[in-house]
Amino acid sequence: MKGLLWSHINENMVLRKSHTKTGFAVEHDLKLHLTVLEEIELGNREANRPVIISKATGAPDKNRKFTERWRKFAEQGRQGHTALITYF
């Protein structure tokens with residue numbers, strides 16, 4: 001399964017994953033991101049399940065659909081909109 005899985009996040013809340021396109025190893029300490037930790041607590045943390053799923057279908061979004069939604073959200077942030085927008 002592609003994408004971010006719960007198994008990529010260890011017990012110390014460190015995310016380790018190879019970038020899908022480049023293979024470059026990525027590591028993030030999620031303890032430095034409190035809002036991320038809050039969202040993680042809400043998730044179904046089965047090891048080989050995706051972290052990001054669609055609320056509408058309960059399944060991972062197709063890559064293109066997720067990219068479209070994320071791009072829209074990121075663009076609004078870049079333009080200075082600070083309100084949280086729920087897409088999922």
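Laboratory data are not the source of any read-out in this text; all were calculated from the coordinates shown. A quick note: this is a predicted structure, and the numbers were derived from the prediction, not measured. Neighbour counts are summed over all protein chains in view; Cβ atoms, including those assigned to glycine, are modelled from backbone coordinates with ideal geometry.
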Taking 0.36 nm per residue of separation between LEU34 and ALA74 and subtracting their Cα-Cα distance, the length gained on full extension comes to 12.5 nm
Would you mind computing, in nm to one decimal, how far apart the modelled labels at VAL26 and MET13 are, each placed 7 Å from Cα along Cα→Cβ?
-> 2.0
Net charge contributed by nearby residues that have their C-beta within less than 14 Å of LEU37 (K/R +1, D/E -1) = -3
Which GluC sites (Glu not before Pro) in the stretch 1-50 pass both tests, a DSSP loop state and at most 12 other beta-carbon atoms within 10 Å?
-> GLU11, GLU46
Tensor-based shape of the stretch 1-51 (alpha-carbon gyration tensor, a/c under 1.5 rounded, otherwise prolate or oblate) | oblate
